[in-house]
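Down below is the structure, laid out as structure tokens.
The values are calculated or read from the model by the stated rules, or taken from the named source; none is laboratory data. Bear in mind the structure is a predicted one, so any value in this text is a computation, not a measurement. Positions of Cβ are generated from backbone atoms using ideal geometry, with glycine treated the same way; all protein chains shown enter the neighbour counts.
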Ligand SMILES: O=C(O)CCC(=O)C(=O)O
Ligand SMILES: [Fe+2]
């Protein structure tokens, strides 16, 4: 794996401190950190093109679910779940899958190196969007997941719309370029829903954004209690036992 990348420039002094960034664009080392919605940050070129290719190759060697294939056969969008398995049907985490695969190690090491106030993510969902596929407006469960959600975009750009939960006229549109990292914290994490349209062509400041196959990796930290954790490990996801537990609702 080629590890020559922007992270070489990061020391504990110039780590991204999520709580202290207030301006819309902050220069950290040579990186430009955009904050388009309160509490959200985008780091362009978070990984190199070579790393992107290697990641896609590793992902495509793994099993995809969705499109009739368990554990989420009803999903049209294909996904891969690492760390914990999430059931979209029952809207909860149903199984502990163990440690994240080693092909994700360099990304997590970079998170820890570049972003302070960050807990170690223990779950990663890989989403694949073919042309014509998107994701409905949702907020990642505040009860299940920690205060920082990270999403790494691969292959194709797309627009993500943030819509305020209390005022749907309060919307911001954000361009997610391939290899960029979106960080959602604070207001962007808890007061806005985020969504991606199914449109094959979109426009951003006059620029045509043409969608192709897009793959994203969303990293989260499960914050369930020890009791809940035991239930997750003990749950038989095929039978749907305990899957109606409201406190575990994950709005996707
Ligand atoms: O594809 C993305 O960048 C976002 C995915 C997402 O919002 C999610 O998995 O909850
Ligand atoms: Fe999400």
Residues of the range 105-137 being exposed (fewer than 15 other Cβ atoms within 10 Å of the Cβ) and within 13 Å of ligand 2 (Cβ to nearest atom), which ones? 136
Can residue 156 be described as more than 13 Å from ligand 2 (Cβ to nearest atom), more than 23 Å from residue 115 (Cβ to Cβ) and buried (at least 19 other Cβ atoms within 10 Å of the Cβ)? yes
Checklist (1) away from ligand 1 (no atom under 13 Å from the Cβ); (2) more than 21 Å from residue 98 (Cα to Cα) applied to residue 119, failing item: (2)
Qualifying residue in the range 194-207 (condition: at pLDDT 95 or above, within 14 Å of ligand 2 (Cβ to nearest atom), on the phi < 0 side of the Ramachandran plot and over 13 Å from the mean Cα position of the chain (by Cα)): no
Which one of 146, 98 is on the phi > 0 side of the Ramachandran plot and either within 16 Å of ligand 2 (Cβ to nearest atom) or touching a residue at least 12 places away in the same chain (Cβ under 8 Å) (or both)? 98
So the check is Cβ under 6 Å with 6+ separation or different chains; which pairs have a first residue in the range 60-74 that's within 14 Å of residue 128 (Cα to Cα) and a second one that's part of a loop (DSSP other than H, G, I, E, B)? 65/71; 65/72; 66/72; 66/75; 66/77; 72/88
Considering only the range 59-68, I want to know if a residue exists there that is assigned to a helix (DSSP H, G or I), modelled with pLDDT under 90 and more than 20 Å from the chain's Cα centre (by Cα). no
Any idea which of 136, 123, 118 is closer than 18 Å to residue 219 by Cα, within 16 Å of the chain's Cα centre (by Cα) and modelled with pLDDT of 90 or more? 123
